[in-house]
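Working notes for the structure below.
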Amino acid sequence: KYDSVVIDFRKTVIEVLEYLLELGHRDIGFIGGREYVGKNKEMLHDEREITYLDFMTNKKLYNPKNVYIGRFAPQDGYNLMKEAIKKGEMPTAFFISSDSMAMGAIQALYESNICVPKDVSIIGFNDIATAKYLIPPLTTVKVHTEFMGITAVGLLLEKINENRIIPKKVILPTELIIRESCKEK
């Protein structure tokens, strides 16, 4: 019913996971978040989590013990990584569905004397401004949010100026930003 500007989460997550596979990682963990909306607190399904599960299952690499879900917050990234560390047998890499969660996870690893990327590789999502200043700088997915806003305004102006009735959905690409938080296994 409405115009929308989105990213292709599925394509992006597949690119991230294929990158980790190219580096030789087979034991790849996932740290993600859940969001709830409306007065009934209806859960939004996160395409990053769904794609991770599908991809890893299709590659026969899925291990439910490697999936940690909380909220999209640094504290949850920290707590979930602490949980993974406590279990022992850590995955060699983690895809973390937000950079803020990745920051918390890296802090938990640091406190446990687990080195990124020597002991575990980390990929985040969003390319927040501080990602490149972490130690090590975070490999992440850049979402072109400013361009998403510009595109949305363009759609609105087009709808107003041309009386367009049919809604448009614009899917914008993302970019894998390779920094120093990943290495070959």
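The table below lists the values:
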read-out: Pair list, Cβ < 8 Å and 6+ apart or interchain, from the range 102-117 residues that are without any contact (Cβ under 8 Å) to a residue 12 or more places away in the chain to residues that are assigned to a helix (DSSP H, G or I); value: Cys115/Leu109
read-out: Count of residues meeting criterion [farther than 30 Å from Ile85 by Cα and assigned to a helix (DSSP H, G or I)] in the range 117-173; value: 18
read-out: Failed criterion for Arg10 (all others in (1) surrounded by fewer than 16 Cβ atoms within 10 Å (Cβ to Cβ); (2) outside any helix (DSSP H, G or I); (3) not β-branched (Val, Ile, Thr) hold); value: (2)
read-out: Residues of the range 123-139 classified as touching a helix residue (DSSP H, G or I) at 6+ places or on another chain (Cβ under 6 Å) and within 18 Å of Thr92 (Cα to Cα), total; value: 3
read-out: Number of the exception - Tyr62 against (1) touching a strand residue (DSSP E or B) at 6+ places or on another chain (Cβ under 8 Å); (2) closer than 26 Å to Lys118 by Cβ; value: (1)
read-out: Tally of residues being among the aliphatic types (A, V, I, L, M) and in contact with a Ser or Thr (Cβ under 9 Å, 6 or more places away or on another chain) across the range 97-119; value: 4
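Okay, residues lined up against (1) open to solvent by 30 Å² or more (accessible area, probe 1.4 Å); (2) of a type in the set (D, E, K, R); (3) touching a residue at least 12 places away in the same chain (Cβ under 8 Å):
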| position | (1), (2), (3) |
| --- | --- |
| Val120 | no, no, yes |
| Ala129 | yes, no, no |
| Lys142 | yes, yes, yes |
| Leu155 | no, no, yes |
| Ile160 | yes, no, no |
| Ile166 | yes, no, no |
| Ile178 | yes, no, yes |
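Here's the yes/no breakdown for (1) touching a Phe, Trp or Tyr at 6+ places or on another chain (Cβ under 6 Å); (2) of a type in the set (A, V, I, L, M, F, W, C); (3) at positive phi:
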| residue | (1), (2), (3) |
| --- | --- |
| Glu42 | no, no, no |
| Arg48 | yes, no, no |
| Leu53 | no, yes, no |
| Pro74 | no, no, no |
| Lys82 | no, no, no |
| Ile85 | no, yes, no |
| Pro91 | no, no, no |
| Ser98 | yes, no, no |
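The values are calculated or read from the model by the stated rules, or taken from the named source; none is laboratory data. Just so you know, these numbers come straight off a predicted model, no measurement behind them. Here the Cβ is made from the backbone with ideal geometry for all residues, glycine too, and neighbour counts use every protein chain on show. To get the accessible areas, we keep the full protein, side chains included, count just its heavy atoms, and leave off ligands, DNA and RNA. Shrake-Rupley method; radii C 1.70, N 1.55, O 1.52, S 1.80 Å.
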